[in-house]
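Single-structure report; data block below.
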């Protein structure tokens, strides 16, 4: 029965943690619940980077004596001081809490296992690994970034039933419905950045923001080796973009774009100005970007797929037959994709695969 209780309260931690989605990066999403005599007496979550963590929020929200209570948290409490907020472990130790139940050990080398060790050394019982797979998925951005120092990459592809993303490479084609568009805007709010190729900007002239949902706007990354971006595009006017281009591209245009508030990231390339995706991911990771949603186009999708530089694939399939057109990518890699979730939004089918 205790294990079932552990699952119930850890799932509540997940629900609380999700309230910080899109606001806590590069930190993980964390929720915390305090239980005494079978009742929840306090809850909290990490709401924004730089603000208090979930555990002190839950402790401070308690209206009863904490002596003998159990603290649930989806991630190991932190023990290091190299951050904006105080460590959580000392507060837990002095609070009177007798047991701590967690889902995941923090992969951050500054924390990993140390928080648990300190709690146990203080006589506090620690239970770990409760619903750890669900916890891993919840904080997949953070875990990938900490372990690999590169962003978690999700490819989002909207296509027809016959697997075309548009009628041609130079024609905008709307496929999915209004509710799916809201879903995509909601999805964007979770990611640090949205990435597209220069042709997508040229053909669609998108805003790539979160105007149809609540949440922050992501940074916009444009892969544009030849710097072909039109200077009157909506992205340039808004000035919230990072253009990844070749050192060989137009220097005067770079200066003009910089004056308009556009950031420029340059790489050595050959005469074809093809950007090395792996090098780009490493660099933007160093700049603090821990997650990227790739939204097109076909050539960009193909590059990420052929080089196996993605972690998740979201395919939205509209009930439309184009008959002919542009495919989203050339071929999937040999890596077997695992279907994580399958659901419908109005008439559109959404399939989420994990690498």
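Of all the listed residues (57, 43, 64), the sole one being surrounded by fewer than 24 Cβ atoms within 10 Å (Cβ to Cβ), touching a strand residue (DSSP E or B) at 6+ places or on another chain (Cβ under 9 Å) and modelled with pLDDT under 95 is 64. Selection over the stretch 95-133 of residues that are in contact with a strand residue (DSSP E or B) (Cβ under 7 Å, 6 or more places away or on another chain) and in contact (Cβ under 8 Å) with a residue 12 or more places away in the chain gives a count of 19.
Which one of 299, 295 is assigned by TED's automatic domain parsing to the domain that holds residue 161 and surrounded by fewer than 20 Cβ atoms within 10 Å (Cβ to Cβ)? Within the list 299, 295, the selection yields 299.
Condition check ((1) surrounded by fewer than 18 Cβ atoms within 10 Å (Cβ to Cβ); (2) within 20 Å of residue 111 (Cα to Cα); (3) without any contact (Cβ under 8 Å) to a residue 12 or more places away in the chain) across all residues:
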site: 4; (1), (2), (3): yes, no, yes
site: 7; (1), (2), (3): yes, no, no
site: 21; (1), (2), (3): yes, no, no
site: 31; (1), (2), (3): no, yes, no
site: 37; (1), (2), (3): yes, no, yes
site: 53; (1), (2), (3): no, yes, no
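Checked against the criteria, residue 77 does not count as surrounded by fewer than 24 Cβ atoms within 10 Å (Cβ to Cβ), in contact with a helix residue (DSSP H, G or I) (Cβ under 9 Å, 6 or more places away or on another chain) and more than 23 Å from residue 285 (Cβ to Cβ).
If the condition is being surrounded by fewer than 22 Cβ atoms within 10 Å (Cβ to Cβ) and in a loop (DSSP other than H, G, I, E, B), then the stretch 211-223 contributes 211, 212, 213, 214, 215, 216, 217. Here residue 248 meets each of (1) more than 22 Å from the chain's Cα centre (by Cα); (2) under 23 Å from residue 142 (Cα atoms) with one exception, condition (2).
Within this structure, residue 235 fails the test of being in the same structural domain as residue 300 (by TED's automatic domain parsing), within 20 Å of the chain's Cα centre (by Cα), surrounded by 14 or more Cβ atoms within 10 Å (Cβ to Cβ) and closer than 25 Å to residue 304 by Cα.
Just one of (1) over 25 Å from residue 235 (Cβ atoms); (2) touching a helix residue (DSSP H, G or I) at 6+ places or on another chain (Cβ under 6 Å); (3) modelled with pLDDT under 95 fails for residue 348. It is (3). Taken over the stretch 253-287, the criterion of being in a helix (DSSP H, G or I), touching a residue at least 12 places away in the same chain (Cβ under 8 Å) and closer than 17 Å to residue 220 by Cα is satisfied by 254, 257, 277, 280, 281, 282, 283, 284, 285, 286. Can you give me the number of residues within the stretch 307-338 that are modelled with pLDDT under 90 and more than 13 Å from residue 165 (Cα to Cα)? Within the stretch 307-338, residues that are modelled with pLDDT under 90 and more than 13 Å from residue 165 (Cα to Cα) number 6. Can residue 84 be described as assigned by TED's automatic domain parsing to the domain that holds residue 13, surrounded by fewer than 20 Cβ atoms within 10 Å (Cβ to Cβ), modelled with pLDDT under 95 and under 31 Å from the mean Cα position of the chain (by Cα)? When the stated conditions are applied, residue 84 passes them. Among the conditions (1) closer than 19 Å to residue 130 by Cβ; (2) within 23 Å of the chain's Cα centre (by Cα); (3) modelled with pLDDT under 95, residue 25 misses just one, which is (1). Is it the case that some residue within the stretch 60-79 is over 19 Å from residue 138 (Cα atoms), in contact (Cβ under 8 Å) with a residue 60 or more places away in the chain and assigned to a loop (DSSP other than H, G, I, E, B)? No - not one qualifying residue is present in the stretch 60-79. Taking residue 281 as the residue in question, decide whether it is surrounded by 17 or more Cβ atoms within 10 Å (Cβ to Cβ) and at pLDDT 95 or above. Yes.
Name the residues in the stretch 80-119 that are in a strand (DSSP E or B) and closer than 14 Å to residue 33 by Cβ, would you?
First, the residues of the stretch 80-119 that are in a strand (DSSP E or B): 99-104.
Matches in the stretch 80-119: 99, 100, 101, 102, 103.
The values are calculated or read from the model by the stated rules, or taken from the named source; none is laboratory data. The structure presented is a predicted model; accordingly, all values stated were derived computationally and were not measured. Cβ sites come from the backbone with ideal geometry, for glycine too, and all protein chains shown count toward neighbours.
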